[in-house]
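Working notes, structure below.
The values are calculated or read from the model by the stated rules, or taken from the named source; none is laboratory data. Just so it is clear, the structure is predicted and the values come from calculations on it, not from any experiment. Positions of Cβ are backbone-derived with ideal geometry, glycine not excepted, and every protein chain shown enters the neighbour counts. The accessibility values were calculated without ligands, DNA or RNA, using every heavy atom of the protein model including side chains. Shrake-Rupley method; radii C 1.70, N 1.55, O 1.52, S 1.80 Å.
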Amino acid sequence: MNQNLHNSEKIWINARIATMDPQVEAPYGALKNHVIGVKNGCISALLPVTEINLDDFHGEIINAQGLWLTPGLIDSHTHLVYGGQRAGEFTQRLQGISYAEIAKSGGGILSTVTATRNLDEDQLVEQSRPRLEALVAEGVTTVEIKSGYGLTLKDELKILRAAEKLAADYPLRLRRTLLAAHTVPPEYKSSPDRYVDLVCNEIIPQVAVEDLAEAVDVFCETIAFSLEQCERIFTAAQKAELGIKIHAEQLSNSHASALAAGYNAWSVDHLEYLDEAGIAALQKSETVATLLPGAFYFLGETRKPPVDLLRKYRVPIALASDLNPGSSPLASLRLMLNMGCVLFSLTPEEALKGTTCHASQALGIAETTGTLSVGKAADMLLWDIDDPAQLAYQFGEKSLRQRIFAGEISDV
Ligand code: NIG
Ligand code: FE
């Protein structure tokens, strides 16, 4: 018997395994008639059933009875820790007022900033809990949470700490991103560059010292930060040895994706206005293109991200919820799988890659998560489906049977 399997604590037999590993040459990286073992929270074996002898195995055997096993879902872009809600703004937008107009008149992100500043850390945790629970229940095993509704040193740190406290209550991997450069706070309205000074000279270094985030993000847009300001923030992030992410090309083409690719950003996100030159720049980097169909849908946008060109240049595509109160109050990554296909013409396989292997790359953790491969974390989902495409095709029907985090099973 293979040493690896023999040492495993638990094995799953009779699963159809969608590894999502690009090195496995089959749709969804699928392996038939394989057994998967876990030990110490990681995948310890992945072997053809013909090569093993179960009589010698004394650990726990789980019979998957022909169900499909996939990697845990990874939501690589959320703003789920915030206070309040913006249903009033939603109603305004239905009457024809645009997202940008609402932002310019002091609503939008800034109204959530006020609500978030008014909560203490524990209140923020409790207000955010139902959103995280919704993601966990549908199979998310890794989530990214951004700050960005504090916009002071104290309040940005409060959000990152709240994210950590909240996530610790669930079987979940957390990646935190500092988005202090989400918008210019009212206190700096007349001197935005001074706010960028604060972000670069105080907030980023402090977050790094306290180890409160793994990456830095910035919203590059006419209503937020300029290319030059983004570049300053990227430089500060690099100095602090933090990953780089950016909200780019959402409402206009600012060429921010090409700039970010030059810094080998982990991801560039939104991308409705991304052009071919930007995509060519992405191709030369390891940067992932993250699409956010929830925001496209919720804001009633019509310009779609250039999916065909991203495919042509072989840029990895991730798909995320962008869960936030203004442009995507949609606490479901499964819904994004469906929207990615229906709204952006992704294939179901591309959509699932976008929430597994490419999402892990967008968070700088491709070495340890995102595919079912020996040595990676045993974050796995067992689904009662006949075809992995059903994960993007159906929505709302309960098909998750087991949620496995670091090798531990929780029934769902
Ligand atoms: O990703 N683009 C900027 N940030 C969010 C929206 C935040 C908000 O409206 O509160 C986004 O769409
Ligand atoms: Fe966002």
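Under the criterion of Cα pairs below 8 Å and six or more residues apart, the relative contact order for the chain equals 18 percent. Heavy-atom surface analysis with a 1.4 Å probe gives the chain a carbon and sulfur content of 49 percent of its accessible area.
DSSP bridge analysis restricted to the chain gives an antiparallel fraction near 45%, rounded to the nearest 5. Mean residue ellipticity at 222 nm, helices only, the chain: -9500 deg cm²/dmol; runs of at least 4 DSSP H residues each add -39,500 (n - 2.57), and the sum is divided by the number of residues.
Listed peptides 269-279, 284-294, 167-177 appear in the order 284-294, 269-279, 167-177 once ranked by packing, highest mean of other Cβ atoms within 10 Å at the front. Computed from backbone phi with θ = phi - 60° and the Karplus coefficients 6.51, -1.76 and 1.60, the 3J(HN,Hα) list for segment 139-145 is x, 6, 10, 9, 10, 9, 10 Hz; x is used for glycine and proline. When each of the peptides 78-86, 63-71 is scored by the mean number of other C-beta atoms lying within 10 Å of its residues, the order from highest to lowest reads 78-86, 63-71.
Between their Cα atoms, which of 158/245; 245/312; 32/376; 239/353 are more than 28 Å away from each other? Over 28 Å apart, Cα to Cα: 239/353. Among the GluC sites (Glu not before Pro) found in segment 343-412, those both in a DSSP coil and sparsely packed, with 16 or fewer other Cβ atoms within 10 Å of their Cβ, are 367, 397. Computed from point charges on the beta carbon alone (+1 for Lys and Arg, -1 for Asp and Glu), the dipole magnitude for the chain about its Cα centre is near 440 Debye.
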